[in-house]
Each structure stands twice: as C-alpha cells, then as structure tokens.
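Student: Here it is: the structure, laid out below.
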Amino acid sequence: LSKTKLLAVEPGIVTDINIKVGEVMAISTRQDPVMTVMSGPPFEIEANVSEVDISRLKIDNQIEITFDAYPDEDFAGRITEIYPAETVVSGVIYYRVKAGFDDPGKKIRSGMTANLKVVIAKKDQAILVPYAALIREQGKNFIRVVTKTGFEKRAVKLGLQGDVDLEILEGVKEGDKVVTFVK
C-alpha cells in the first residue's frame with residue numbers, strides 16, 4: 001500500500017492532475033506530467049542577468065521589485081543566489097540569479113511577471129545631472145553651467161553613475177542650472 005502513495009519532496013499546492021482515478025499507465029510512455037505541484041510562499045524570483053552587468057551584482061544586494069499585475073506597488077527583496085555557470089538564450093550569455101522577498105505579502109502568485117532593479121550603491125544628498133549634460137574631452141569630464149551672461153564649461157569629478165543620471169562630486173553645486181545636449 002505504501003507504493004500507491006505519491007509524496008511531494010516539499011510542501012506545496014497541487015495545481016494540475018493529468019490522470020484519472022483507476023487509470024493504469026506506464027511511466028516510460030507518458031510524455032506529460034502526471035501531476036504539477038507548486039511550492040507555496042515564500043516565492044523566489046529567477047532572472048537572467050547579462051554578462052555585462054553580472055560583475056556588479058553580489059549576494060544580498062537589495063532589489064526593488066514591481067509586478068505587471070501591481071504597477072503602482074513596489075516590493076523589496078534581496079539577491080540570494082548567483083549561479084556560476086552561464087545560460088545561453090538566443091546566442092547571448094546570461095547568468096541566472098535568484099532573489100527573495102523581504103515581505104511578499106499575500107498578493108504574489110506563481111508565474112507573475114516581475115521587473116527587478118538592483119540597488120548597487122545608494123547615496124543620500126547627491127548632486128545628480130542627466131548624462132546628456134556630460135561632455136568628455138581628452139579623458140576629462142565637463143559640464144556646461146548656465147551663467148548670467150551665457151554659460152561656462154566646468155571640469156567635474158564624477159561619482160556614482162546610473163542608467164539616466166550621474167553624480168557630480170566636484171565642479172557643480174546644488175541649484176546650478178546645466179546645459180544638456182540632444183544628439
């Protein structure tokens with residue numbers, strides 16, 4: 001009788017049964033799964049990170065998570081695992097990363113599309129300017145600042161750099177108006 005029981009390796013919820021009571025089957029000929037079991041909360045997120053970005057990630061980096069199902073809500077989490085081997089998707093190399101929630105609540109469901117922003121560095125009271133304001137000449141960085149008579153080009157020292165903005169450590173002060181360029 002013990003051979004007639006199916007036991008799950010961990011607690012979960014049965015989401016699909018593809019066999020009827022009394023049906024006889026041979027395992028070797030069946031293509032689809034007999035039963036699908038979904039693990040319960042806490043859920044994890046798996047994501048593919050490009051090889052260009054993987055070197056900046058570390059275990060325990062904070063992440064900001066949004067879901068297409070809840071566009072106005074943010075969830076917090078952390079990177080829990082970074083796989084050492086690459087995964088090739090359409091000829092491009094990625095590295096699989098797992099992330100967990102700080103507090104997922106009861107809204108999250110299996111299979112939801114998640115969008116992750118990894119917090120690499122965080123700084124309060126930073127002076128930010130858009131990348132479009134940066135001028136690079138002969139290995140040096142400059143910003144054009146608006147003055148009463150036009151504008152002046154100032155050498156700047158860069159700090160943290162994001163996708164859209166960059167931090168200025170020296171050369172521009174809070175309240176300065178900068179000139180941006182559209183290419």
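The values are calculated or read from the model by the stated rules, or taken from the named source; none is laboratory data. None of the values given here were measured: they were computed from a predicted structure. No Cβ is skipped: glycine too gets one built from the backbone with ideal geometry, and neighbour counts run over all protein chains shown. Just so you know, the surface numbers come from the protein's heavy atoms only, side chains and all, with ligands and any DNA or RNA stripped out. Shrake-Rupley method; radii C 1.70, N 1.55, O 1.52, S 1.80 Å.
Student: Go from 0 up to the bin containing the longest alpha carbon distance in the stretch 7-68, width 10 Å each, and give me the % of pairs per bin.
Tutor: 14, 30, 23, 20, 11, 1
Student: Ignoring ligands and nucleic acids, what accessible area does residue 116 show with a 1.4 Å probe (Å², nearest 10)?
Tutor: Number for this one is 60 Å².
Student: Further question on the same structure: Report, in debye and to the nearest 20, how large the dipole of the stretch 7-137 comes out about its Cα centre when Lys and Arg carry +1 and Asp and Glu carry -1 on their Cβ.
Tutor: Magnitude of the dipole: close to 100 debye.
Student: So how far apart, in nm, are the two label points at residue 50 and residue 3 if each is 7 Å from Cα heading toward Cβ?
Tutor: 5.5
Student: Here's another thing I want to ask about it. From the P(r) of the stretch 1-142, can you give the percent of Cα pairs sitting at distances over 19 Å?
Tutor: The calculated P(r) of the stretch 1-142 puts 69 percent of pairs beyond 19 Å.
Student: Restricting things to Cα coordinates, could you compute the convex hull volume per residue of the stretch 60-183 in Å³?
Tutor: About 200 Å³ per residue, rounded to a whole number.
Student: Please report, in whole Å³, the volume per residue of the convex hull around the C-alpha atoms of the stretch 112-179.
Tutor: Considering the Cα atoms of the stretch 112-179, their hull volume per residue is 122 Å³.
Student: Of all accessible surface on the stretch 30-93 at a 1.4 Å probe, what whole percent is carbon and sulfur?
Tutor: Its accessible area is 52 percent carbon and sulfur atoms.
Student: Can you give the accessible area per residue of the stretch 47-88, in Å², using a 1.4 Å probe?
Tutor: 65
Student: Before anything else, pin down the relative contact order of the stretch 61-183: Cα pairs under 8 Å, at least 6 apart, normalised by residue count, whole percent.
Tutor: Dividing the mean separation by the residue count of the stretch 61-183 yields 21 percent.
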